[in-house]
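Nothing in this text is a laboratory measurement; each read-out follows from the coordinates by a stated rule. If you're wondering where the values come from, they're calculated on a predicted model, not measured in any experiment. All Cβ positions, glycine included, derive from the backbone under ideal geometry; neighbour counts span all protein chains shown.
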Amino acid sequence: MDLSFVILIEMLYAVASLVLISAGLAVVFGMMKVINLAHGEFMMMGGYATITAVSLGVNVFVAMLVIAPLVVGLIGLIVERLVIRHLYGRLVDTMLATWGLSLVFIGLATMIFGNTTTGISTPIPGFAVGGYQINGYNFFIIIVSIVLVIAMYAVLRGTRAGLIARGTMQRSDMAAALGYSPDRIYMMTFFCGSALSGLAGAVLAPLVGLVPTSGGAYIAKAFITVIAGGPSLIAGLVSSATSFGLVSQIFTFAISPVIGEVALLIAAVILLRMMPQGITGRFFKGKM
Amino acid sequence: MGRSASQDVLITLVVSAVLIWVMPLLISTYTLTVLVIYGMLGLSLGLIWGFGGILCFGQAAFFGLGAYTYAIAAINIGESTVPMILAVLVPAVFAALLGAMMFYGRLTDVYLGVITLVVTLILFKFMNSTAGPQYVIGKARLGGFNGIPGFQTLNVPGDPDTYIWGDPYFYVCAIALVIVFLLVTWLLRSSFGRIAVGIRENEVRMGLMGYDVAARKTVLFATGAAIAGLAGAMFANWGEIVTPTLFSLGQSAEIIIWCIVGGLGTRLGPIVGAAGLAYLKFMLGQQSMVDNTLITGLILVLFVLFLPRGLVPAIASLLSSIFGRTKRRPNARRTRRARHG
């Protein structure tokens, strides 16, 4: 009974962290069709922003939920203005340019913070269930990602800004004809996507030791989750994160964590082979 | 292609003979050897990406697979001829299977990129986790993150005690690169190569004309992997150790950067890009003021933004505009189409 509860929490946590890792990329790729390979580095910078803010005496939750998204969002804004705005519609070129950017960020972080592991302690204490110890912070991550998904849905579906953003992504010429500036809307959307990446990096920072290259651990997972999700933003994100999270956790508990990771990757290859348009290319069509 | 085939071969031979003679006077042969190997690795991606339109994010997988195959076979056999052949065959077969799975499934650009990337990651993660004594192939322990050291390096065929190393090894590698370059030239001049370029330009049209697009892409993909495998085996001989970092994403990224910087859709571009950037990295590694990764990244971003065609086509068009020749070159539009293919 205790064990099954622990396994349930671990599975939920695996799904939640995949949602969190991929949310920023889902906005940037799912809406703007920009494959941001610097996504992992945006998360890394979110982590560093949190740690720096905490060491300056800011409350850890303020640092994670407010400061890190803002800082990374602003960095994303600069990147969009300088590089990405010249490359809209050129999928492969954006991929290469953002890969270059990710190397630049790794280099910068190494020069500023040094090539050592830094970290902060988890702000929520663990507790025991029967004979097992559960990390209380896992609940925080699960709650953050549920709130995040609901908030994304609400903003895109319910607000005027979300409506304009979705319209512009579908037909930027029509949006321009109606008096909205596509340039500015693309800029704001990229800001939001970067801020989400920063938030994810910040929230996950207490769980991992942070090094300048730790973005690389996220990018592949985020990439395959978003691509396997397919064209629908939120339905795709949730469905593919759920399937990959379950597969990796089942194999982790059954065999070993390394096999869990490998199983996730093999599942991705098979899924893409069966459904090249992603999960929402076949199921949940036309949903958000 | 204004020149005839025999002229092309002659120029290649003369230029490479001069280079092989002059370069060791400028740079140590130890460094030159690895530049030549990287040049071959660059050529392997340049072939499938620049002429076949297949953007492979995991060329490092074939490179690493070649190196590991060589190391494992060399430990088990104790002689280097058969392992060299295996190091070409194993990646080629692996790529043929992977390619068949992808191309017959009609996967294109982004999805292709993701799958090749993921396969590289799988190999990387798996090789990293093989530290235990249960991971043994024949007499060779896979060794996890520490890799496999101490295998038989290249020897004169049939005589396992006469090693080829140092200066002679450089000449072996350089001549191998020239031979591969000539083979690639021949392949691209053959009808197979021309159809491959046709598929890059318009896959649907070539399919409608009756060519088996999936089979041809698979063969081209396997050919690229075979070249990468050969480069991997030569790298294993050069480094005398193979580690899982051969499979890393950084390695794959570098190969792509070489092609972009050197020039896609040319045979020479990826080789020049690989050797040039690897040498630049070597020079940068000797100073500690600016981080190495930062410069590599900046180069990639600047090239994508300002010189997306790469160095070799840019220099070639510059030269032909200076000398007023109207020779036809792969123009920007064709190169760009290739990269979106």
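To the nearest whole number, what is the average tally of beta carbon atoms from other chains within 10 Å of the beta carbons of peptide A:221-227?
Other-chain Cβ atoms within 10 Å of each residue's Cβ, averaged: 3.
Greater than 31 Å separation of Cα atoms is the criterion. Which listed pairs, A:LYS33/B:LYS125; B:LYS139/B:LYS281; A:LYS221/B:LYS281; B:LYS217/B:LYS281, meet it?
As for pairs spanning more than 31 Å Cα to Cα, those are B:LYS139/B:LYS281; B:LYS217/B:LYS281.
Taking the beta-carbon count within 10 Å as an exposure proxy, list B:PHE306, A:PHE127 from fewest neighbours to most.
B:PHE306, A:PHE127
Using Cα-only point scatterers and the Debye equation, what is log10 of I(q)/I(0) for the stretch B:1-88 at each q in 0.11, 0.15, 0.16, 0.17 Å⁻¹, rounded to two decimals?
These q points yield log10 I(q)/I(0) values of -0.50, -0.88, -0.96, -1.03.
Considering the options B:ILE37, A:GLN133, B:ALA214, tell which one lies farthest towards the positive end of the dipole of the protein assembly as shown, charges being +1 on Lys and Arg and -1 on Asp and Glu at the Cβ, about the Cα centre.
B:ALA214
GNM, chain A, Cα, under 10 Å: largest mean-square fluctuation among A:GLY193, A:GLY130, A:GLY46?
It is A:GLY130.
Name the helices (complete DSSP H segments) of chain B with a Cα length along the long axis of 30 Å or more and a Kyte-Doolittle mean of at least 1.0, or state none.
What comes out of the filter, once short or polar helices are dropped, is B:5-26, B:81-103, B:167-189, B:213-239.
For chain B, set up a Gaussian network in which alpha carbons nearer than 10 Å are linked by springs, and say which option among B:ALA61, B:ALA228, B:ALA214 fluctuates the most.
It is B:ALA214.
Only helical DSSP H runs with n ≥ 4 go in: add -39500 (n - 2.57) per run for chain B, normalise by residue count and round the 222 nm mean residue ellipticity to 500 deg cm²/dmol. Don't skip to the answer; put the middle values down first.
Details: 14 runs with 235 residues, N = 341.
Using -39500 (n - 2.57) per qualifying helix, the result is -23000 deg cm²/dmol.
Counting just the Cα atoms, what span does chain A cover along each of its three principal axes? Round to the nearest Å and put the largest first.
For chain A, the Cα spread along each principal axis is 64, 46, 34 Å.
Relative to the Cα centre, what is the charge dipole magnitude of chain B, using +1 at the beta carbon of each Lys and Arg, -1 at the beta carbon of each Asp and Glu, and rounding to the nearest 20 debye?
1520 debye
Mind checking the full-extension length gain between B:THR81 and B:ILE137? Use 0.36 nm per residue of separation minus the Cα-Cα distance, one decimal, nm.
18.3 nm
Pull out the extension gain between B:TYR211 and B:LEU318, defined as 0.36 nm times the separation in residues minus the alpha carbon to alpha carbon distance; nm, one decimal.
Length difference between fully extended and current span is 34.8 nm.
Can you give the FRET efficiency to the nearest 0.05 for A:ALA254 and A:SER181, using r as the Cβ-Cβ distance and R₀ = 45 Å?
Details: r = 53 Å, r/R0 = 1.17.
Plugging the Cβ-Cβ distance into 1/(1 + (r/R0)^6) gives 0.30.
If you build a Gaussian network model of chain B, linking Cα atoms that sit under 10 Å apart, which residue out of B:GLN287, B:GLN152, B:GLN251 swings the most?
Highest fluctuation among the options: B:GLN287.
At 7 Å along Cα-to-Cβ for each site, give me the label-to-label distance between B:SER28 and B:GLU201 in nm.
The answer from the label model is 4.8 nm.
Please list, ordered by chain and number, the residues whose modelled amide H lies under 5 Å from the amide H of A:VAL129; skip anything fewer than 5 residues away on the same chain.
The list, which skips near neighbours in sequence, is A:ILE134.
Over the stretch B:5-340, one equal point on each Cα, no solvent: what is log10 I(q)/I(0) by the Debye formula at q = 0.06, 0.07, 0.08, 0.15 Å⁻¹?
Log10 of I(q)/I(0), two decimals: -0.21, -0.28, -0.37, -1.35.
What is the Cα centroid distance between the stretch A:110-160 and the stretch B:131-164, reported in whole angstrom?
45 Å
Just how large is the dipole of chain A about the Cα centre, in debye to the nearest 20, putting +1 at every Lys and Arg Cβ and -1 at every Asp and Glu Cβ?
With only Lys, Arg, Asp and Glu charged at Cβ, the dipole is about 880 debye.
As a footprinting exposure proxy, order B:SER129, B:SER321 by other Cβ within 10 Å, with the fewest listed first.
Ranked by crowding around the Cβ, least crowded first: B:SER321, B:SER129.
Whole-Hz ³J(HN,Hα) for each residue in the stretch A:51-59, computed from phi via Karplus 6.51 cos²θ - 1.76 cosθ + 1.60 with θ = phi - 60°, x for glycine and proline: what do you get?
With the stated coefficients, the stretch A:51-59 comes to 4, 5, 5, 5, 6, 8, x, 7, 4 Hz.
Relative to the Cα centre, what is the charge dipole magnitude of the protein assembly as shown, using +1 at the beta carbon of each Lys and Arg, -1 at the beta carbon of each Asp and Glu, and rounding to the nearest 20 debye?
The calculated dipole for the protein assembly as shown is roughly 2360 debye.
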